[in-house]
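Structure record follows, encoded as structure tokens.
The numbers here are math on the coordinates, done by the rules we state, and not lab data. Because the structure is predicted, anything quoted here is derived from the model rather than measured. Using ideal geometry, Cβ is built from the backbone for each residue, glycine included, and neighbour counts are taken over all protein chains shown.
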Amino acid sequence: MRCESGQRVWQCGKHTLILEARTLIMGVINVTPDSFSDGGRFLSAQEAIAHGRKLVEEGADLLDIGGESSRPGSEPVSEEVEKQRVLPVIESLLDRGVPLSVDTWKSGVADAACAAGASIINDIKALRGDPDMPRIAAKHGSGVVLMHIRGTPATMQSLTDYTDVIGEILDFLRASVEIAKQAGIREDAIAVDPGIGFGKTPDQNVLLLRELQQFRDLGCPLLVGTSRKSFLGHYTGRPVEERLFATAGSVACAIANGADIVRVHDVAAMRDVARIADLIVRKNPSIAP
């Protein structure tokens, strides 16, 4: 969506994020014991808060805070456990001045997180996992990320038998955008995410990155998350802790093919990747120092 000045924006509560000049960096904070990349590293609120502050110092434009792992094969946790993990982190990071996103598909967690100060709901089930989620997002005026997934994290990697992977994901996201609009969520608050690694084979993930421009046709900000994911290990043979360079390659290609926001663990490194990719792709000399 475009604001009155003609710039493309993503409206997230009180935050208006400008998408024209450069790619935005979303830093990941997993307050979980079992996330695929950094599970257990920031399980205590104090560790997660310190990590969030570090990510902002490194250049994160927004932070995504999650209290339930969505790695392949993971099982859900209760709303109460999820709230106990994320709420203290959200409350303590408000003073950083960047928009805070809660990574959840549960309406109760989203409601509490937005009341605590989060301005974005990053829903891996695209408002379809909890029937009350669209109302909660509309009530708070939150920005929303609608991600594509097949099944649940526990089952998704057995559900990769698409006939037309690009067309089916586009149809899913288009329908999810309509669900959001019908619930009263502002059109300029809606972002979409094709769900790299969520119910896709490595080859399908590569195809999604190659064809990202098709998702711009939905008219929404486009968020892409490739950071450290298993398909990168599939092609490089690298374990999760050695996928920085593979992540950099995928982030640069995502930006070249139309990503507006990239969700990453290694903010400082990916800020540099984005700066150079933006300088080339967006042709904006003001991006350079």
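What's the FRET efficiency of residue 95 with residue 163 using the Cβ-Cβ distance as r and R₀ = 51 Å, to the nearest 0.05?
That gives a FRET efficiency of 0.55.
Which links in 181/283; 54/283; 14/229; 200/229; 83/181; 125/283 stretch past 23 Å when you go from one Cα to the other? Over 23 Å Cα-Cα: 181/283; 54/283; 14/229; 83/181; 125/283. For the pair residue 179 and residue 234 in one chain, pulling the backbone fully straight at 0.36 nm per residue adds 16.3 nm over the alpha carbon distance. Screening the chain for whole DSSP H helices of 24 Å or more along their axis (Cα) with average Kyte-Doolittle hydropathy at least 0.0 returns 165-182.
For residue 195, nonlocal amide neighbours, meaning residues 5 or more places apart or on other chains whose placed amide H falls under 5 Å from its own, are 148, 225. Across the stretch 21-282, the relative contact order, built from alpha-carbon pairs under 8 Å that are at least six residues apart, equals 19 percent. Let me make sure I get this right: for the chain, a, b and c are the square roots of the gyration tensor eigenvalues over alpha carbons, sorted descending. Under 1.5 in a/c it's rounded, otherwise prolate if a/b > b/c, else oblate. Which is it? Rounded, since a/c falls under 1.5.
Which value, in debye to the nearest 20, describes the size of the charge dipole of the chain about its Cα centre when Lys and Arg Cβ atoms bear +1, Asp and Glu Cβ atoms bear -1, and nothing else is charged?
Here the chain has a charge dipole of around 520 debye.
For the pair residue 283 and residue 187, the difference between a 0.36 nm per residue extended length and the Cα-Cα distance amounts to 31.8 nm.
If the chain linking residue 154 and residue 58 were pulled fully straight, counting 0.36 nm for each residue of separation and taking away their Cα-Cα distance, it would gain 31.2 nm.
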